[in-house]
Amino acid sequence: MYRILQQRVHTHLQNTLKTKYDLDLAQIPMEQPPRIELGEIALPIAFELAKRLKKAPRAIATELADEIRGIEGVRDVEIAGAGYLNIRFDRAAAMQQIARGEHAGIGGDGFRLVEHTSINPNKAAHVGHLRNAILGDTFQRLLRSDNFKRGYDVGVQNYIDNTGVQVADVVVGFLHMEGKSVADVKTLLSELRASGTRIDYYLWDLYARVSQWYTADEAQTAARKEMRLATLHLVEEGNNPTAELADILATAVLERHLETMQRLGIEYDFLPRESEILHLHFWDAARREMIERGVLYEVTEGKNKGCWVMRRPGSTVSAEEVDEDAKVIIRSNGTVTYVGKDIAYHLWKFGLLPGKDFGYKKFHEYPTHTCWISTMHGEEPHPTFGKASWIYNVIDSRQNDPQANVVEALRGMGYDSAADHYVHLNYAMVALTPRCAIDLGYEVSEEDRTRAYIEVSGRKGFGVKADDLIDRLIAAAKVEVDKRHPELTEDERLKIATQIAVGALRYFMLKFTRNTVIAFDLRDALSFEGETGPYVQYAIVRATNILRKASVEQDEVLTQIQTTSAAAHLEGEENNSIWEIWLMTSRLTTVLAQAIETAEPAHLARYAFQLAQAFNNFYHRHPVLTEEDPTRRQLLLATAAIARRELIQTLHLLGMEAPPVM
């Protein structure tokens, strides 16, 4: 509802400014006053117009106030200070709209492609990977069509680098460090499955060992690094025993990754693999076009002699000069860099590689849909994903430069629209608090105990496997659930503990803005106090308990409130705290639109906490069940119901569930 009135005021003012002053303003700034006593919308527009119209802001505000008073849903307009316009809503009319669930639409046409997770398939997922996956999954939920909003047509991709150096490393570990053949590894995989041992856990340890093995013997270091490079070339080339082993391992690990992510409610539509990008010659097609359009050129002198390069964004080097800072796309030995392959991949995403597409094969079945994987020769019929009108890539901040180069290549080829619709959702790393590292059983030095956080490293073997973290969170939550609700069955208590644990983890990863370094802490995440997932969930449980004890259903009480005089109890300063709850619930689509526009899910996480906090204050201030005035009691019950409804909807968008009890 709030956004409906915002849009109504915005449109009316645009028309008024055109008619009254012959001014066209695309955007009219709107604010929410710091205190509810000042109204629901504050307009500083008079200050912006003062110089143009050569009038005092307060005089302009006076001229505009009468125009705004006629807008449906507006009760009054007050001129404050030197020229602010404070708009007050008709609370009774607004309450009915909110109770009916009326809100401004979110969504539109076009296909939006969200890529996230993209873990190298050489070992188990760790805590750092979870931030990427949770950010991406939440963002696609903000975009996707559902029962709350029209949304957009969305495809979720998880890019699989199955021919990269980290996969080559575990192949080196088996073939050269352990002396195993392809047949030996196949036997090992069968034995691991039979014993219940996860291959991604086994490779976690192998990867750490082979990383150290490369430099363990100084006399062998050069030879071992050459071995690594030769293995990588064989993996990229395909159709040989080394590439076969890489494919077997990468596929087995990928299956485990999907299981891990599904525990958090994270699912995918398509798994494009680098092997197909190479073997289906996406790069060859992209290379030809980049050369034809002058984006890619060969260097004949300087440090990059023999390489094919492109200019970096913002380069000021003239065409006559040698650009020593140019981005190398093809090395002098003919191999293509990561950025080159990524340019080709993104041309495909936007449908800009005519005649090029992956083969598609069914890989994993979710309860509601199929997840496809790329192949050389696909199955029919199959969906198509290379048709995006918008692309959102969730990739950490260390990839800012490569991502910027992809956008620059698109612009250089004349694809400005694609470049404008290419969004890099970058994010900072996830570390552990020293306390959390100790809780998880790690040896922490005295020096590290004094740090704000400790960085994790899969290569060094210091890191928290994602499944281990989820297990620890569930176990800790279940101790509390067992204690508080012994009357429930074991399965019921486990389900509730899982809802709390997953909610705690997802909320912790979402409440920080993307470029804030996260120091994860088990105890902080699971706390029922402060800005946490369990705090928000507990507010819903409180609202549920109120309705249960009153023997009313949520929808029933919200329907009844629309036909009573209860809205009278929303007027007056003494009732502002109740009206604040209603107003805050009405702002969900406003916050949702902001989160999409800024590609920042933290806005929605913050909103969930603030609404839960406001409801908890209401809970302590207004004894709903003992209220003697029947009309006021009905309003208080409806307030609990509306807070519950919008909190549950917000949690759904954040990928969290509301437990029945806590």
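Cβ crowding within 10 Å, taken as a proxy for footprinting-reagent exposure, orders GLU447, GLU571 from fewest neighbours to most as GLU447, GLU571. A cut-off under 9 angstrom between Cβ atoms defines the neighbours of PRO434, and their net charge, with Lys, Arg +1 and Asp, Glu -1, is +2. Quick one: if the Förster radius is 45 Å, what FRET efficiency do THR316 and ASP146 give, using the C-beta to C-beta distance and rounding to 0.05? The formula returns an efficiency of 0.45 here.
Counting neighbouring Cβ atoms within 10 Å and putting the fewest first, the residues PHE148, PHE609 line up as PHE148, PHE609. A cut-off under 13 angstrom between Cβ atoms defines the neighbours of HIS12, and their net charge, with Lys, Arg +1 and Asp, Glu -1, is +1. Our note on the geometry: Cα centres of the range 35-102 and the range 599-645, 26 Å apart. Legend: Rg and Dmax of the chain, from Cα coordinates, 28.8, 88 Å. Counting Lys +1, Arg +1, Asp -1, Glu -1, what net charge surrounds THR589 among other residues with beta carbon under 9 Å of its beta carbon? Within the 9 Å Cβ shell, the charges total +3.
Against the compact-protein benchmark of 2.2 N^0.38 Å, the Cα-based radius of gyration of the range 530-653 scales to 1.05. Working value for the range 2-89: equivalent-ellipsoid semi-axes of 19, 15, 11 Å, each the square root of 5 times a Cα gyration tensor eigenvalue, largest first. Backbone amide hydrogens, once placed in the peptide plane, bring ASP76 within less than 5 Å of ARG88, excluding anything fewer than 5 places away on its chain.
Ignoring lysines fewer than eight residues from LYS303 along the same chain, the ones with Cα atoms less than 25 angstrom from its Cα are LYS225, LYS327, LYS341.
Sorting 149-161, 542-554 by average packing, meaning the other beta carbons within 10 Å per residue, from highest down gives 149-161, 542-554. Remark on the range 264-401: Rg and Dmax equal 17.9, 59 Å (Cα only).
Taking every DSSP helix (H) stretch of at least 4 residues in the chain, weighting each as -39,500 (n - 2.57) and dividing the sum by the residue count yields a mean residue ellipticity at 222 nm of -16000 deg cm²/dmol.
Computed from the coordinates by the stated procedures, all read-outs in this text should not be read as laboratory data. Only a predicted model underlies this, so the values are computations on that prediction, with no experimental measurement involved. When we count neighbours, we look across all protein chains shown, and the Cβ atoms used for this are built from the backbone with ideal geometry, even at glycine.
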